[in-house]
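The values are calculated or read from the model by the stated rules, or taken from the named source; none is laboratory data. Quick caveat: nothing in here was measured; it's all calculated off a predicted structure. Glycine gets a Cβ as well: all are built from the backbone with ideal geometry, and neighbour counts include every protein chain shown. Please note that ligands, DNA and RNA were not included when accessible areas were found on the heavy atoms of the full protein model with its side chains. Shrake-Rupley method; radii C 1.70, N 1.55, O 1.52, S 1.80 Å.
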Amino acid sequence: MRLKFDPNLQFQIDAVNAMAEVFYGQPLSEGDLEIGFKRLDWIFQTELGIGNNLILDEAALLKNIHLVQEHNDLEKVSSFQGRHFSIEMETGTGKTYVYLRTIFELYKKYGFKKFVIVVPSVAIREGVLKNLEITKEHFLHLYNNVSYDYFVYDSKKINQVRQFAASNHIQIMVINIDAFRKTLEDKDEEKKSNIIHRESDKLSGRKPIEFIQATHPIVIIDEPQSVDNTPKAKEAMETLNPLCTMRYSATHRNPYNLLYKLDPIKAYDMRLVKRIEVASVLSEEYFNQPFIQFKAVDNQNGIRAKLSIHVDSSSGPKLKNVTVRSGDDLFVRSNERENYRNSYIINEINAEPGNEYISFANGKTLALGQTQGGLTDDIMKIQVKNAIQEHLEKELKVKDKGIKVLSLFFIDRVANYRSYDEQGNPVKGKIALWFEEYFNELIQKPRYKDLLKFPLEKLHDGYFAADKKGILKDTSGTTLADEDVYNKIMKNKEQLLSLDEPLRFIFSHSALREGWDNPNVFQICTLNETKSEMKKRQEIGRGLRLPVNQQGERIFDETINRLTVIANESYEDFARKLQTEIEEDFNVHFGAVSKNAFAKIIQVIDDQETTLGDEKSKKIWEELKQQGHIDEDGKIQPKFNPSDKYFEVILSPEFQDVKHQVIDIVQSYLFSEHVVNRNNRKTLKINKMVYLDDEFKKLWDKIKPKTTYSVEYDTDVLIEKASKAIREMDRIEKVKIVYKKAEVDIQEKGIVTKELRIQETTASYGEDKVNLPDILAYLQKETELTRNTIVRILISSGRIEEFPLNPQKFMDSVARLIKNELHQLVVDGIKYEKIAGQEYEMRLFEETEIISYLNNLIEVKKSVYDAIEYDSEIEKRFAESLDMRDDIKLFVKLPSWFKIDTPIGTYNPDWAIVKHEDDTLYLIRETKGIKDFEKLRNIEADKIRCAKMHFRELKVDFKMVVEANEV
């Protein structure tokens with residue numbers, strides 16, 4: 001099985017373009033820089049190679065940065081923050097793919113060839129290497145079989161850096177920050193520095209770092225908050241002599257020149273990651289035995305221990321943290337709770353690092369982190385059983401869809417899964433025994449008996465580090481022993497996704513939490529003998545990525561894309577911790593609406609689309625505040641409750657047409673919309689009264705045919721529109737070239753330069769008689785138009801004389817404008833025809849299970865299911881109104897599998913309705929929060945225009961509505 005990569009995911013293209021556009025105006029032919037080595041006092045040896053060269057000055061880069069930030073709705077930086085550029089992407093959305101594709105885009109547009117990827121850990125390094133391996137065929141196809149090499153820097157193979165410098169092809173080096181963090185400052189202490197900073201006979205007496213420095217590599221930093229997070233690490237980054245740094249992370253500490261942001265909220269709203277649901281298993285209610293959790297020890301002001309115990313109160317026992325010293329009696333500290341009467345007096349507290357423990361007068365001893373009582377084992381047993389059951393239910397749901405289901409268990413002690421007897425033979429730990437017991441119990445049930453026909457011992461396995469004798473052990477996740485574990489995980493990625501591979505249940509150490517994931521992890525269960533201290537975002541990050549089928553294709557079915565976390569804490573506690581982490585990491589504040597929250601809402605005024613902007617957004621914000629829906633800090637108040645039947649928002653007449661969008665935006669600021677409680681899950685049931693009704697069958701017969709489309713447009717119209725757009729574009733200016741002359745000296749600390757001369761000039765390619773690129777070939781490749789059509793567009797535009805001033809900028813600008821006009825003509829000229837014998841089958845309603853949650857369900861009587869799952873306040877009110885109307889016989893929210901093909905992606909219409917007037921009407925209606933939505937020129941509006949032509953071919957009435965009274 002091979003993973004497939006979709007090159008057309010717009011959010012990834014946007015991230016790639018954001019970085020590429022920073023260099024807009026850089027001529028393609030100026031991307032190479034011939035390099036050589038020279039000492040001041042003698043010519044040591046000249047070795048020619050190819051490095052990167054950047055002609056744009058800081059002013060040009062800052063202008064580009066501002067344009068990109070404006071395009072991506074980001075706050076503009078007030079000043080140039082150096083050649084450091086940041087992209088922020090949520091875990092699971094393809095961050096690594098994006099920066100790898102950016103490498104090829106920068107080569108294609110500007111000719112840059114030398115790239116260094118710096119990573120913070122072995123885990124992330126192995127992940128990058130795996131991505132380079134599995135994307136190779138994809139990028140070769142996408143970028144016309146361009147030649148490129150990649151390798152991991154290895155201090156034992158330092159000749160690779162010579163090849164890196166000398167090659168005229170794309171070179172990608174992956175290196176861990178620890179491989180060059182220790183620089184050589186004192187020749188007498190040479191052995192303390194990394195090998196990369198030491199002179200080598202294999203490199204003619206030079207240091208490996210010199211070959212990298214001379215190329216001016218573009219340095220890509222994966223997780224910069226973990227790479228250059230100290231002054232020493234920042235110095236080490238500078239020793240690479242980077243042309244610039246491109247920084248990619250989900251959680252930047254310093255987002256220098258931020259160009260693109262896809263935070264967890266946006267990723268979730270765009271359905272780019274799985275929905276998170278929490279199934280909680282609690283122990284706090286078990287008060288029948290003495291509960292003690294040893295949480296911390298402190299010896300700064302005498303030796304003290306922090307315990308968690310049950311304390312009696314007027315309303316019953318409560319869990320409370322207490323600080324104790326030697327001699328304290330837990331019977332007294334618990335307000336004389338009877339369970340602690342039997343000699344629970346602190347006998348000794350040991351604070352020795354690595355050997356912390358607390359002992360009691362009754363002989364009981366607890367190590368740091370251990371728990372007594374509270375039914376810890378019983379809680380973990382329930383977690384294991386629930387995780388297996390959730391897994392089997394998911395197996396049933398995807399049984400015929402070719403999707404492998406994986407469950408991931410994090411444990412804090414390897415011995416709980418795999419232990420050893422006195423002879424050193426491996427034996428099953430308690431968790432492995434529980435797993436096999438509950439799996440055998442559940443698989444016997446008639447519902448599951450046809451699933452997973454593999455030997456039980458092959459269905460589960462552990463990924464743990466081992467010592468030299470092969471004995472599994474607890475590790476921190478960063479040791480050399482962990483390297484083999486990461487290799488095993490990464491190299492088995494595709495194998496794990498194959499249905500023929502029996503392994504379904506993976507047990508791993510809590511320390512192995514970063515740098516690796518698997519898209520088909522659907523259940524995550526943390527089995528710690530204490531509450532998990534792992535960050536929630538790290539925990540769920542292992543399973544956020546969207547799953548793939550056996551063809552390696554991503555699955556975008558929201559009924560499948562759910563990640564269930566079986567947690568040893570309440571849903572409320574888990575959600576609160578996750579919310580706090582997201583707020584801290586991303587500087588977002590749930591429940592607090594910003595004054596510019598509504599600025600991007602679009603209105604159509606006099607047939608012209610316009611955004612509300614900051615001033616009108618502030619006006620709406622003030623109106624919401626005056627009505628008590630938010631307070632003076634923007635915090636959402638209890639009065640804002642769209643589920644209340646008497647709920648109402650009153651806005652000024654100028655904002656009436658966007659009221660529903662305002663409500664949806666405010667609602668999106670609530671964290672409860674993003675993580676759901678597993679206990680609120682509901683499976684929708686077929687309403688047989690509607691499903692078997694003849695009227696529904698007639699409705700379905702009208703809308704079920706599938707269609708194919710063709711496109712017709714007038715070439716002369718395209719030439720007229722495209723040439724007009726080119727005539728109106730900004731003037732192309734000459735390239736500004738900064739000429740700098742400097743002496744270069746290679747010293748012990750690295751390369752040192754001294755500027756001798758700086759000269760600024762402009763270049764004109766036509767005047768210098770430099771070979772110009774083939775503009776017709778370039779535009780033909782970008783637009784797929786004939787050379788004749790392109791020539792006519794260029795001549796008609798009257799701007800061709802600007803081509804020699806900056807060829808690459810001219811070609812990119814023209815290609816973009818032609819494609820925009822072509823896109824609109826394609827949509828406007830689309831025609832649909834029925835495909836004989838192909839249709840949407842009605843039986844899929846029975847075969848496709850819909851699972852949703854109570855917070856976005858409304859019960860109805862006139863639809864195919866007993867409830868409607870709504871995505872917005874508009875859809876909810878629309879369904880409520882239709883269900884109450886006497887003239888509406890039945891209606892259905894069309895399921896996600898009902899998709900219409902369009903040139904810009906598939907489209908899922910909203911509602912199919914049967915209405916009784918003088919005649920029976922069969923209708924398709926699309927609900928949007930804005931009148932005249934079809935007049936907009938965006939992707940969603942273009943898809944609706946295509947859908948209208950599809951239903952015209954089927955002779956079905958299709959319209960856009962805002963309210964149900966328009967039906």
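Details
- DSSP-assigned coil residues among trypsin sites (Lys or Arg not before Pro) in region 865-965, each with at most 13 further Cβ atoms within 10 Å: ARG937, LYS955
- Residue by residue, region 620-626 carries 3J(HN,Hα) couplings of 4, 4, 5, 5, 5, 5, 4 Hz when phi is fed to the Karplus relation 6.51 cos²θ - 1.76 cosθ + 1.60 (θ = phi - 60°); x denotes Gly or Pro.
- Residue-span extension gain [ASN362 to SER155] - 0.36 nm each, minus C-alpha spacing: 68.9 nm
- Within region 835-864, backbone nitrogen closer than 15 Å to the virtual label 7 Å beyond the Cα of VAL956 toward Cβ: 835, 838-845, 864
- For THR906, solvent-accessible area (1.4 Å; no DNA, RNA or ligand), Å²: 70 Å²
- Residue separation of ARG271 and ALA592 scaled by 0.36 nm, minus their Cα-Cα distance, works out to 113.3 nm of gained length.
- Think of the chain as having a plus end and a minus end, set by charges on the Cβ of Lys, Arg, Asp and Glu; of ILE686, MET237, ILE944, MET237 sits farthest toward the positive end of this dipole.
- Only one item in (1) -0.34, -0.50, -1.30; (2) -0.38, -0.55, -1.42; (3) -0.28, -0.41, -1.38 matches log10 I(q)/I(0) by the Debye sum over Cα atoms at q = 0.05, 0.06, 0.10 Å⁻¹ derived from the coordinates shown, and that item is (2).
- Mean sequence separation of contacting Cα pairs (under 8 Å, at least six apart), scaled by the length of the chain, corresponds to a relative contact order of 11 percent.
- Prolate/oblate/rounded label for region 836-967 (Cα gyration tensor, a/c 1.5): rounded
- Accessible surface computed residue by residue for region 341-439, with neighbouring protein chains in place and a 1.4 Å probe, gives 44 Å² per residue.
- Nearest-0.05 FRET efficiency for ALA166 and GLU437, computed from C-beta distance (R0 51 Å): 0.25
- As an equivalent ellipsoid, region 663-710 spans semi-axes of 35, 21, 11 angstrom, where each value is the square root of five times an eigenvalue of the C-alpha gyration tensor, largest first.
- Annotation note: GluC sites (Glu not before Pro) in region 881-967 located in DSSP loop regions with a Cβ neighbour count of at most 11 within 10 Å are GLU917.
- Sparse packing (at most 13 other Cβ atoms within 10 Å of the Cβ) combined with a DSSP loop state is found for the following GluC sites (Glu not before Pro) in region 787-844: GLU841.
- Value of [θ]222 nm, deg cm²/dmol, for the chain, DSSP H segments ≥ 4, -39500 (n - 2.57) each, nearest 500: -9500 deg cm²/dmol
- Added length on full extension, which subtracts the Cα-Cα distance from 0.36 nm per residue, GLU422 to ASN350: 23.1 nm
- For ARG562, the solvent-accessible surface computed with a 1.4 Å probe is close to 10 Å², ligands and nucleic acids excluded.
- Computed E for LYS399/ASP714 - FRET, C-beta separation, R0 60 angstrom, nearest 0.05: 0.75
- Computed FRET value (nearest 0.05) for ILE303 with ASN229, which takes r as the C-beta separation and R₀ as 30 Å: 0.35
- With the simple spin-label model, which puts each label point 7 Å out from Cα in the Cβ direction, the ASP631 to THR683 separation comes to 4.4 nm.
- A Cβ-based charge dipole, computed about the Cα centre of region 602-669 with Lys and Arg at +1 and Asp and Glu at -1, lands at about 340 debye.
- Cβ crowding within 10 Å averaged over residues, with 219-227, 419-427, 14-22 ranked highest first: 219-227, 14-22, 419-427
- Label point 7 Å beyond Cα of ASP557 along Cβ direction - residues of region 391-424 with amide nitrogen under 18 Å: 391-407
- Take each peptide in 847-853, 824-830, 863-869, count the other Cβ atoms within 10 Å of every residue, and average; sorted highest first, the result is 863-869, 824-830, 847-853.
- With a simple spin-label model that places each label point 7 Å from the Cα along the Cα-to-Cβ direction, the separation between ASP14 and GLN370 comes to 5.3 nm.
- Straight-line cross-link reach from LYS809 at under 21 Å between alpha-carbon atoms covers these lysines, not counting any fewer than eight positions away in the same chain: LYS63, LYS108, LYS109, LYS113, LYS721, LYS724, LYS734, LYS736, LYS769, LYS781, LYS819.
- Of all accessible heavy-atom area on region 290-372, the percent that carbon and sulfur account for (1.4 Å): 40 percent
- Paramagnetic reach from LYS136 in region 167-181 [backbone N under 19 Å; point 7 Å along Cα→Cβ]: 167-175
- Dipole magnitude (debye, nearest 20) for the chain, charges at Cβ of Lys, Arg, Asp, Glu: 1580 debye
- Here the Karplus curve 6.51 cos²θ - 1.76 cosθ + 1.60, taken at θ = phi - 60°, turns the phi angles of region 786-799 into couplings of 6, 4, 4, 5, 5, 4, 5, 5, 5, 5, 5, 6, x, 10 Hz, with x standing for Gly and Pro.
- The H on the amide N of ILE221, modeled in the peptide plane, is under 5 Å from the matching H of VAL118, MET246, ARG247, TYR248, each at least 5 residues off or on a different chain.
- Amide H contacts under 5 Å for ILE630: LYS625, GLN637, restricted to partners 5 or more places along the chain or on a different chain, H placed in the peptide plane at 1.01 Å from N.
- Label point distance in nm, LEU456-SER796, each placed 7 Å from Cα along Cα→Cβ: 7.5 nm
- Across region 96-102, rounded Karplus estimates of 3J(HN,Hα) from the backbone phi angles (6.51 cos²θ - 1.76 cosθ + 1.60, θ = phi - 60°) give 5, 4, 4, 6, 5, 5, 4 Hz, Gly and Pro being marked x.
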